[in-house]
Each structure stands twice: as structure tokens, then as C-alpha cells.
Amino acid sequence: MTDHPATLESLRDALDTGAISSRELVEQSLNRVAETDAGLHAFVGLRKEGARADADAADTRRTRGEVRSPLDGIPLAIKDNLVQSGELTRCGSRILEGFVSPYTATAVARLQAAGAILIGRTNMDEFAMGSSTEHSVFGATRNPWDRARTPGGSSGGSATAVAAGIVPGALGSDTGGSIRQPAGFCGIAGLKPTYGRVSRWGLVAFASSLDQIGVLAHTAGDCARLLEAIAGHDPRDSTSLPEPVPRFTEALGGDVSGLVLGLPREYFVEEGVDPEVLNSVRAAVSVLERAGAKVREVSLPHTKYAVATYYLVAMAEASSNLARYDGVRYGRRAEGYDGLTDMYRRSRSEGFGPEVKRRIVLGTYVLSAGYFEAYYRKAQQVRTLLRRDFEQAFRGCDAIATPTSPETAFRLGEKIDDPLRMYLSDVYTVSANLAGIPGISIPCGFVRGLPVGLQLLGRALDESTLLRVADAFQRLTDHHTRVPPQAS
């Protein structure tokens, strides 16, 4: 381990100067997996020979002066709900046992086109349904800051892989905070783009109107580099926005003078949040204020309905999306069944874990005759009010600053039998998914030796402002440079 985590920028410079080769970087990553994964369990699959072959090809390109992008030759990881041709994709679930994808997700293909080396697939809550990466058929992932604690979820494997220094960046997915919350718990940066900014084609669906692919890295600058590689319109995804992709790295100037940060009064209440977390976030805002940003209070009055609204919408869409897993076309099929109906019942009963079953049952209920209007439609109406809250707030500010989570990483097993407490872990993150706006979490301090995340939310398609603010904060602080004590 080094005193500071390796970034995409530093590795690119090392490759450009010949200080290291892509093959050596890949071997270092694979060695780090061998050293740490028994204790951390960040990965569920490795592409050892494929990654080595890709690295050799990247080194050959570099000697010929044919470097594809700033990511060329750098090892990365992807969450196990992003398909890649010829690779197992299991989404942390028994029901996808043995499924090998025949195609590659657009975001993954764009990383490959940029020359990035994909070393493996990271652990996750089953079908991305969870906030602790405990709901996985492969077992729990552990936080490198304290192995007795969760890394967050559902992208906990990707967050741990970055925080532990295995890879400098990774892809995750964020349906209600599944990138930002693990980033906050693990002391790294995690960006959820605007809904539609990154193609969802090849992302195994959980809740289609909420899911978004995003990135995890040590710095806001590296998040910008990764987002530039994967963003852009994709005609294969009907929700993909036909908008040009900005040069996000051009926003990394370190200047926040004149920008207005909004502090939503509903997010800075003492009830249900660790006061030391709030103090760390307030201190982070003060850093930005001293750097020239202006701060004003804003209101998001429908925030108190956000968690209930989110879980109604998410569970309804999960029920619909997961109906396709029936043992017929792919994945696990039960043995010894008696007829088609029994095959469906047994395959799904054996294939899904308890949290997925809970969400399917609740989602089916709220979509059923007699309850659709009272629950699902009402939730969609409240979702519109939440989106309007943000629109109103952004009339008076350029970005909104909040805690990422109400607490630091909790202990593994602490909430596994209390779904409501687990769901409330997402209280600060779900609104961004409901509104479709971008959000980023960056480390802003430590409480009892555990990282605290600062969340920044922005207008739709304005990731540049979020990256500008986050990058400026990281230039003024060193929280992101600290190395977890249990990363080895």
C-alpha cells in the first residue's frame, strides 16, 4: 500500500512516462484481490487471463502511439448487474445461476472502447435491492475501514474495491442511493448522473424509472473522466437522452466563487441523524463558503414523503421486472417439479432471496386491483411534487448540499432483520432518483474513525457544476487521500 490511493490521473501519467506498464497494473490489481478479498469479499468473478490479454494489447497500442483515451490500459471493475459478452452475470442471485450474457452493456462497451481493462465483477445486494451488500447469495462484502461494518449497498463491492486500492475506479448502479451511500461509507467519491445521461442498455433492471449507471473513484476528477467515457445517447435505450456529452474535466478548475449552495432545512434536522455527521457536513460547507461559495437555506417540503414514495415505486417496478425470472428461458430451474405452475413457483422460491421476495410481494400488492390507485398512482403524484420541489429550490441556488447518509457505516447484521431501519438508510439519497437529477458523494470527514459523506445534488444534466464543487472541495481538503487501515 502507498500513503495515498492511486488515481486514474496518476496511473495515466505513470503509463505515459513508461514508469509502469498496463500489464504490471493488472498484475498489481489481481495481487491485491488475492491479498484482500478473503477478508473483504469485494469480487464475485475475475477475468484474469482476459484482463492480461487486454493489458498486453494496451501496452502494444501505447508503444505505437495509438492510445485510445486517458483510461487506456488502466484496470477497472464493474458491478455484477452489468452484462458483458461471454461472462457470467448473476446479480448476487441464485436464480441467475449459470447465466452467461450473449451481449455487452453499452456502458461496459464504452469503457472497453476507451481501452480500460476490466479485471472482474463486484459483489452486490441481490438485484441491487439493499443498502448493505448483505443480501447476496455470495455472502456479505466488508468495509475496508472496519471489516465488522457494511460498505453500504447495493454497490458495496465496487466501493470496497476502490477504497481498498484494488482498482482506481469502478462502475455501479444507483436506484435509490446505491452508488452514493457506499461511496460515503467507504470514503470515496461516487457519482449518480442524471437519469438518461448514461445508457441503461445491458443493466439488469430493478426499477426502470429509477435505475442509473454511475461511477466510483477516489476523486471527483476521476469521476469526471469515467463519466466522459460512458455517457452519451444510445438508441437501444428509449430513456437515453439525445444530449451532447460535455467535457466534464473542463469543470475541474477549483473555483467556486459566486456559486450558491442551497442547504435544505428538511435535511438538517437533529432527529434520526448522528449529530457528528451533521457537524462534519456543516464544516464541509464552511470550507466551500470560505472558498467563495455563497450559502442559503432552501426548502424541499415534500422530503418527508420521499422514502415511502420511493419504496412504493421501486417495489412495484421490481415486481414487474422480476416476473421474467421463471426458470424457462435462462438461469436456475427447479428440479422435480410437477407441471408448469409448480416449476414457476419452485424456481422462483428457490432462486430469490428473502429481501427480493419481500419486494416482489409488496410490489405486486400495490399494483393489484383495488390498490393501484391508492398506492402506486398516489406515489407517482407525490413523485411529481418532489421533482417540483427541486425545480423551485434550484431557482435560487446552483447546487444543494446535504449529508449522504444519516450515520456512518453500521455493523453487519445490525439491520438485516429490520427492513424499515435498513430502508431509512436511504433517506437522503432517494429523492434524487425520484426527481431524475444528478448527485455525488465525496468524503468530508471522519466520525469515530469512519468516513462521512457530503452529498451534492444538481440540476438535471448539470453534472459539471457538481464536479466543479466536489473537485474544489477536494483541492482544499485531504479526506479522500486517507487509506483504510484494513485494506490489506
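Results, tabulated for the structure shown:
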{"item": "Sparse-neighbourhood loop sites, trypsin sites (Lys or Arg not before Pro) in region 325-431 - DSSP loop, at most 10 other Cβ within 10 angstrom", "result": "Arg329, Arg395"}
{"item": "Helix-only mean residue ellipticity at 222 nm for the chain, each DSSP H run of n ≥ 4 adding -39500 (n - 2.57), per residue, nearest 500", "result": "-11500 deg cm²/dmol"}
{"item": "Candidate aspartates and glutamates for bridging to Lys304, where Cα separation is under 19 Å - those fewer than 8 sequence places away on the same chain excluded", "result": "Glu266, Glu270, Glu271, Asp274, Asp389, Glu391, Glu407, Asp426"}
{"item": "Footprinting exposure proxy for Val269, Val447, Val366 (fewest neighbouring C-beta atoms within 10 Å first)", "result": "Val269, Val447, Val366"}
{"item": "Residue-wise HN-Hα coupling along region 97-105, computed from phi with Karplus coefficients 6.51, -1.76, 1.60 (Hz; x: Gly, Pro)", "result": "3, x, 6, 10, 5, x, 8, 10, 4"}
{"item": "Approximate spin-label separation Glu27-Arg236, in nm, with each point projected 7 Å along Cα-to-Cβ", "result": "3.5 nm"}
{"item": "Cleavage-rule hits (trypsin sites (Lys or Arg not before Pro)) in region 1-85: DSSP loop, at most 10 neighbouring Cβ within 10 angstrom", "result": "Arg64"}
{"item": "Whole-angstrom Cα spans of region 1-82 along principal axes, big to small", "result": "39, 30, 19"}
{"item": "Contour excess over end-to-end distance, with Cα ends at Ala283 and Arg147 and 0.36 nm allotted per residue", "result": "46.2 nm"}
{"item": "Residues of region 443-471 with amide N under 20 Å of the 7 Å Cα→Cβ point at Asp255", "result": "463-471"}
{"item": "Over 25 Å between alpha carbons, listed pairs Lys79/Lys378; Lys294/Lys378; Lys79/Lys357", "result": "Lys79/Lys378; Lys294/Lys378"}
{"item": "Radius, Kirkwood style, for region 250-329 when every pair of distinct Cα atoms is counted (Å)", "result": "16.4 Å"}
{"item": "Space enclosed by the convex hull of the alpha-carbon atoms of region 1-154, per residue, Å³", "result": "113 Å³"}
{"item": "Distant-in-sequence amide H partners of Arg482 (H built 1.01 Å from N, under 5 Å)", "result": "none"}
{"item": "Estimated FRET transfer efficiency when R0 is 30 angstrom, pair Val295-Thr384 (beta carbons, to 0.05)", "result": "0.60"}
{"item": "Antiparallel bridges, percent of DSSP beta bridges restricted to the chain (to nearest 5)", "result": "70 percent"}
{"item": "Long-range HN-HN contacts of Val295 with modeled amide H, under 5 Å", "result": "Leu261"}
{"item": "Amide N proximity, region 305-326 versus Thr341 label position 7 Å along Cα-to-Cβ, cut-off under 20 Å", "result": "323-326"}
{"item": "Per-bin percent of Cα-Cα distances, region 330-488 [5 Å]", "result": "1, 7, 11, 13, 14, 13, 13, 11, 8, 5, 3, 1, 0, 0"}
{"item": "Distant-in-sequence amide H partners of Ser132 (H built 1.01 Å from N, under 5 Å)", "result": "Gly153"}
{"item": "Label-point separation in nm, Ala369 to Arg94, each point 7 Å along Cα→Cβ", "result": "3.4 nm"}
{"item": "Net charge of Cβ neighbours under 12 Å - reference Met129; Lys, Arg +1; Asp, Glu -1", "result": "-4"}
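Bear in mind these aren't lab numbers, they're just calculated from the coordinates by the rules spelled out. Everything quoted here is computed from the prediction, not taken from an experiment. With ideal geometry, Cβ positions are generated from the backbone for all residues, glycine too; neighbour counts draw on all protein chains shown.
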